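Data first, discussion second: the structure below is written as C-alpha cells.
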Amino acid sequence: MSTQRHATAGTTEDTAAVLEQRAEELDNQDALASYRNHFIGTDTPLSYLDGNSLGRPLKRTAEDVAAFIRDEWGGRLIRGWDERWLAMPQGIGDQLGRAVLGAAPGQTIIADSTTVVLYKLIRAALAAAADPDRNELVLDTQNFPTDRYLVEGIALEEGLTLRWIQADQAAGVTAEQVRDAVGPRTAVVLLSHIAYRSGHLADLPAITAAVHDAGALVVWDLCHSAGSVEMDLDGAGVDFAAGCTYKYLNGGPGSPAFAYVNHRHLPSLNQPIWGWMGRKDAFEMAAGYEPAAGIRGFLSGTPAIFGMIAMQGTLDLIEEATMAAIREKSVQLTAFAVEVFDALLAPLGAELATPRDPARRGSHITVDHSDFTKATVEALWDGDVIPDFRAPHGIRVGLSPLSTSFREVLQGMEAVRDRLSPVSTRLGSGR
C-alpha cells in the first residue's frame, strides 16, 4: 500500500472515530432519548431517515387499535358513533391545536386527506375574500406538487389569475418576496411552512403579516412542520392552515389531515364540499344543507376513526415532552446531520440543499449529488437504510425527534457515503 493510501486510511478512521464519539455523546445527553422506546422497530439495526414522510408506529398503537376493534367496534358496534366517534374529529383536533399548533379550542378539526382539506380551505378563503377585484392567487414554484395543482385547478374553475413567486430551491420563500408579490388584486396566498425538498423554514409570522397588510388571506400547508416545529397560529393571526398526520404525528399511512380555521372566519365559513357530517344535525336527514356551527361545519363525509386512534398516542407524547423540547432536539439532529455531511459527503462532491442556519430549516436536510438516483435510494433501502429520493439528484434525510437517535443518523449517512465512495468503506473503520 502506498504512503498516500496509508494516510487516507488513517484520516478516514480518525474521522469515523470522532463522529462515532459525537453520536454517542449526543445520545447520552438527549433529554428525549427514552421516547424512542415507545416506537416499534427502534431496537433493530435499521436506520430510518424518512420519518418526515411516514412516521414509525407507536407500540401503544397496536394495543389501542386492538382494543378499539374488540371493545368499541366489536363490542359497542354502531352505538360507538353516539358514544365517542362523532366527537373525535373536534376533540382530537382541539388536542392537536393545543399541543402542536398554538391554537385555542374550536378552530382545528380532523377531516379528509390533505388534498381535500387544502381544496376546501382555499375555496373557503376565496369565499371570505369577497372583493371581486381580488382575482389573483399567489403561490411559489417550489411548493409541493399537490398544492400547485390544486391552485392551478381552482384558478381554472374560477377564472382567476395565478401569480408565481420564483422561489430558490434551497433558500425558500421570503417575506420580502411575498411583499413584492401581493397587492390590491391578491385574494389568497398559499405557501408551505417548510419546503418539502430543501427543508427551508418560512417566516410564518412575517409572511402572514405581509399578506394581511395587502388585504389578502393566507393558507398555510403545515405538513412538514406539524409535530417538528413550534408554532403559534393564533398569535400570528393565520387565517387557514392544513397538515397531514402521518409524518411527525404518526397517524399511519393515509391517516386523515387536519384543518385550522381562525375563529374570526368561522361565523361566515363557506366550504365547498357539502356532506352530511358537516350539516347542523347529521342524523336529521332533512332536505337542504345547513352547515353546523363553528369548525364542525368544515366536515363533509364520515370521519376516519382508525387514523385518529393512531395519532392520539403521539399527541399524548407531544404534550408530555412539549414542542419546545421536540424542536430543540430537531435542531440538534439536523445540526449533527450537517456535521456528518461536512465530514463525509462534502469531500465527495455532494452539496447541501438546505439552509445551514438552524433557525431557517425544519427537521430534514437534503443532500444533492449528480450520482444520486432513485436506484441509489433503492439500494440503500435494500440495506435497511431508509432515506428518501427527491428529483433530480437529492437524498432527503428526515429526522423525527421523538424516534430518531444520533447514532441512527450517523449510520445512515455513512451508508450514503459508501454508495458514493465504495473505496472509503474498505479503508475506513470497517463498520
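Can you name the residue in the stretch 239-254 that is of a type outside the set (A, V, I, L, M) and not in a loop (DSSP other than H, G, I, E, B) and, of all such residues, is surrounded by the fewest Cβ atoms within 10 Å (Cβ to Cβ)?
Taking the stretch 239-254 first, the residues of a type outside the set (A, V, I, L, M) are 239-240, 243-248, 250-254.
Next, only the ones that are not in a loop (DSSP other than H, G, I, E, B) stay: 240, 243.
Working: F240: 26, G243: 28.
Among those residues, the one meeting the criterion is F240.
Of all residues in the stretch 151-188, count the ones that are touching a residue at least 40 places away in the same chain (Cβ under 8 Å) and in contact with a Ser or Thr (Cβ under 7 Å, 6 or more places away or on another chain).
3
Residues in the stretch 79-93 that are open to solvent by less than 40 Å² (accessible area, probe 1.4 Å) and out of contact with any Asp or Glu (no Cβ under 9 Å at 6 or more places or on another chain): how many? Spell out the reasoning first.
The first filter runs over the stretch 79-93 and keeps only residues open to solvent by less than 40 Å² (accessible area, probe 1.4 Å), leaving 80, 85-86, 88-89, 92-93.
When the remaining residues are screened for being out of contact with any Asp or Glu (no Cβ under 9 Å at 6 or more places or on another chain), the result is 86, 88-89, 92-93.
Here the count works out to 5.
Show the residue pairs meeting these rules: Cβ distance below 6 Å; 6+ apart or different chains; first residue within the stretch 387-398 and touching a residue at least 12 places away in the same chain (Cβ under 8 Å); second residue of a type outside the set (V, I, T) and open to solvent by 40 Å² or more (accessible area, probe 1.4 Å).
Pairs that qualify, where the first residue is touching a residue at least 12 places away in the same chain (Cβ under 8 Å) and the partner is of a type outside the set (V, I, T) and open to solvent by 40 Å² or more (accessible area, probe 1.4 Å), are F389/K374; H393/S370; R396/R390.
Only strands (runs of 3 or more DSSP E) wholly contained in the stretch 116-209 count here; list those with 2 or more residues that are in contact with a helix residue (DSSP H, G or I) (Cβ under 8 Å, 6 or more places away or on another chain) and open to solvent by 10 Å² or more (accessible area, probe 1.4 Å). If you could, list the steps in order and put the result at the bottom.
Numbers: elements: 136-140, 161-165, 186-192.
Per the criteria, 161-165.
Has the stretch 246-258 got any residue that is farther than 25 Å from G235 by Cβ, in contact (Cβ under 8 Å) with a residue 40 or more places away in the chain and hydroxyl-bearing (S, T, Y)?
Let us first name the residues in the stretch 246-258 that are farther than 25 Å from G235 by Cβ, namely 246, 250-256.
Still in the list and also in contact (Cβ under 8 Å) with a residue 40 or more places away in the chain: 246, 250-256.
Right, trim to hydroxyl-bearing (S, T, Y) and you get 246, 255.
Yes, some residue in the stretch 246-258 is farther than 25 Å from G235 by Cβ, in contact (Cβ under 8 Å) with a residue 40 or more places away in the chain and hydroxyl-bearing (S, T, Y).
Applying the selection to the stretch 257-292, what residues are assigned to a helix (DSSP H, G or I) and either open to solvent by 80 Å² or more (accessible area, probe 1.4 Å) or of a type outside the set (A, V, I, L, M, F, W, C) (or both)? Quick ask: steps written out before the conclusion?
Taking the stretch 257-292 first, the residues assigned to a helix (DSSP H, G or I) are 263-268, 276-278, 282-284.
Scanning the stretch 257-292 gives H263, R264, H265, P267, S268, W276, G278, F283, E284.
Among the residues of the stretch 210-235, write down those that are open to solvent by less than 10 Å² (accessible area, probe 1.4 Å) and in a loop (DSSP other than H, G, I, E, B).
Selection gives A216, L222, S225, A226, G227, S228, V229.
Output the residues belonging to the stretch 112-150 that are within 21 Å of the chain's Cα centre (by Cα), of a type in the set (A, V, I, L, M) and closer than 13 Å to S192 by Cα.
First, pick out the residues of the stretch 112-150 that are within 21 Å of the chain's Cα centre (by Cα): 112-122, 139-150.
Going one step further and asking which of them are of a type in the set (A, V, I, L, M), we end up with 116-118, 121-122, 139, 150.
Correct list: L118, L139.
Which condition number does S370 fail, the rest of (1) open to solvent by less than 40 Å² (accessible area, probe 1.4 Å); (2) among the hydroxyl-bearing types (S, T, Y); (3) assigned to a loop (DSSP other than H, G, I, E, B) being met?
(1)
Just one of R76, R56 is closer than 22 Å to I305 by Cβ, open to solvent by 60 Å² or more (accessible area, probe 1.4 Å), not aromatic (F, W, Y) and not in a helix (DSSP H, G or I); which is it? Break it down into steps so the answer makes sense when it comes.
Numbers: R56 fails: open to solvent by 60 Å² or more (accessible area, probe 1.4 Å).
Only one candidate passes the filter, namely R76.
Enumerate the pairs (first residue in the stretch 196-216 and in contact (Cβ under 8 Å) with a residue 60 or more places away in the chain; second residue anywhere and open to solvent by 20 Å² or more (accessible area, probe 1.4 Å) and in a helix (DSSP H, G or I)) with beta-carbon separation below 7 Å, excluding pairs fewer than 6 apart on the same chain, so at least 6 apart or on different chains.
Partner pairs satisfying both residue conditions: H200/R360; L201/R360.
When you go through (1) more than 19 Å from the chain's Cα centre (by Cα); (2) modelled with pLDDT of 95 or more; (3) buried (at least 18 other Cβ atoms within 10 Å of the Cβ) one by one for T12, which number turns out not to apply?
Answer for T12: the failing condition is (2).
Name the residues in the stretch 243-265 that are in contact with a Phe, Trp or Tyr (Cβ under 9 Å, 6 or more places away or on another chain) and over 30 Å from S53 (Cα atoms), would you?
H265
Among the numbered conditions (1) of a type outside the set (S, T, N, Q); (2) in a loop (DSSP other than H, G, I, E, B); (3) open to solvent by 10 Å² or more (accessible area, probe 1.4 Å); (4) touching a residue at least 24 places away in the same chain (Cβ under 8 Å), tell me where P401 comes up short.
Unmet for P401, out of (1) of a type outside the set (S, T, N, Q); (2) in a loop (DSSP other than H, G, I, E, B); (3) open to solvent by 10 Å² or more (accessible area, probe 1.4 Å); (4) touching a residue at least 24 places away in the same chain (Cβ under 8 Å): (3).
Would you mind stating whether V377 is in contact with a Pro (Cβ under 7 Å, 6 or more places away or on another chain), touching a residue at least 12 places away in the same chain (Cβ under 8 Å) and open to solvent by 10 Å² or more (accessible area, probe 1.4 Å)? Show your work before the answer.
Working: in contact with a Pro (Cβ under 7 Å, 6 or more places away or on another chain): yes; touching a residue at least 12 places away in the same chain (Cβ under 8 Å): yes; open to solvent by 10 Å² or more (accessible area, probe 1.4 Å): no.
Taking the combined requirement at face value, the residue does not satisfy it.
Looking only at residues in the stretch 329-348 that are farther than 13 Å from V409 by Cα and free of Cβ contacts under 8 Å to residues at least 24 places away in the same chain, which one is most open to solvent (accessible area, probe 1.4 Å)?
P347
Give the residues of the stretch 380-398 that are surrounded by 18 or more Cβ atoms within 10 Å (Cβ to Cβ) and among the aromatic types (F, W, Y), sorted by residue number.
Of everything in the stretch 380-398, just one residue is surrounded by 18 or more Cβ atoms within 10 Å (Cβ to Cβ) and among the aromatic types (F, W, Y), namely F389.
Of all residues in the stretch 351-367 being of a type in the set (S, T, Y) and either open to solvent by 10 Å² or more (accessible area, probe 1.4 Å) or part of a loop (DSSP other than H, G, I, E, B) (or both), which is nearest to S53 (Cα to Cα)?
Of everything passing the filter in the stretch 351-367, S363 is nearest to S53 (Cα to Cα).
Every residue in the stretch 100-113 that is out of contact with any Ser or Thr (no Cβ under 8 Å at 6 or more places or on another chain) and surrounded by 23 or more Cβ atoms within 10 Å (Cβ to Cβ), please.
V100, A103, Q107, T108, I109
The values are calculated or read from the model by the stated rules, or taken from the named source; none is laboratory data. Since we're looking at a predicted model, the values are computed, not measured. Positions of Cβ are generated from backbone atoms using ideal geometry, with glycine treated the same way; all protein chains shown enter the neighbour counts. Accessible surface areas use protein heavy atoms only, side chains included; no ligands, DNA or RNA. Shrake-Rupley method; radii C 1.70, N 1.55, O 1.52, S 1.80 Å.
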